[in-house]
1. Which condition number does LYS15 fail, the rest of (1) part of a helix (DSSP H, G or I); (2) touching a helix residue (DSSP H, G or I) at 6+ places or on another chain (Cβ under 7 Å) being met?
2. I'm trying to understand the selection: among the residues of the range 18-35, which are among the small types (Gly, Ala, Ser) and part of a helix (DSSP H, G or I)?
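The values are calculated or read from the model by the stated rules, or taken from the named source; none is laboratory data. A quick note: this is a predicted structure, and the numbers were derived from the prediction, not measured. Neighbour counts run over all protein chains shown; Cβ positions are idealised from the backbone, glycine included.
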Amino acid sequence: MEANIAYYCLHKLHKWPHGFLSLDRYEKAFIIAAVNLKLENDKKQAQKAKSKHR
């Protein structure tokens, strides 16, 4: 899981993975929760756009 979030940080946030991996567990938990919320929101928006397109 941490590797996936570190990958996301690199590609979407333009932050080096070691920056994420060096955070304490509370900061990591916050970043993970924020990324999960963003991905869920993106997925909902994509579904909404797809349904409007039909």
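1. (1)
2. Step one: of the range 18-35, the residues among the small types (Gly, Ala, Ser) are 19, 22, 29, 33-34.
GLY19, ALA29, ALA33, ALA34 - these are the residues of the range 18-35 that are among the small types (Gly, Ala, Ser) and part of a helix (DSSP H, G or I).
For (1) surrounded by 11 or more Cβ atoms within 10 Å (Cβ to Cβ); (2) modelled with pLDDT of 90 or more, each residue gets a yes or a no:
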position	(1), (2)
LYS15	yes, no
ALA29	yes, yes
ILE32	yes, yes
LEU39	yes, yes
GLN45	no, yes
LYS48	no, yes
